[in-house]
Amino acid sequence: MALIAGYDRHPASRAALAFAAELAAGLKVPLVVVHVADLSDMVIGSEQPTSADDRHAELERQRIDALLASDVRWSYTLVGGDPVDALIAAAGQYAATMIVVGRPQQGISATIGHIVSGAVARNLVRRSPIPVAVVPEPADGHR
């Protein structure tokens, strides 16, 4: 049994990660942080993460480690492809009981992020065979 947390560098994702970590610690289950690479994460022209992405992945692991409490058992994976498919696949691979993703707040600054993240959350809720928790971004953008 495990929890899956969808992750990117947006504040809503960090809020989801914090929620998932608290839940995983309370349930005493591992947390699998699934970072689905987008264009800002990958080498131009690459559809999947490559060895050139190893340094970037290590920096993301360090950022996540700084966000998580020490009592959380967690692992990190960087994958490419459709976020919904990747999160559902990870849930199956790790026999997860829940997927946790973030949802940006309303407002002009969140509009672009909401188009992508909101669509991921909606489609994940529609397609996932397991429960999905959608965590709102804190109003001040921090957690």
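Things worth noting here:
- The stretch between Arg73 and Val125 holds 16.2 nm of extra length on full extension. This uses 0.36 nm per residue minus the Cα-Cα distance.
- Potential lengthening of the chain between Ala139 and Arg61 amounts to 25.5 nm, from the contour at 0.36 nm per residue minus the alpha-carbon distance.
- Averaged over residues, the count of other Cβ atoms within 10 Å places the peptides 120-132, 81-93, 9-21, 55-67 in the sequence 9-21, 81-93, 120-132, 55-67, highest first.
Bear in mind these aren't lab numbers, they're just calculated from the coordinates by the rules spelled out. The model shown is predicted, which means the values in this text are computed figures rather than measured ones. Quick reminder, even Gly has a Cβ in these numbers, built from the backbone with ideal geometry, and neighbours come from all protein chains shown.
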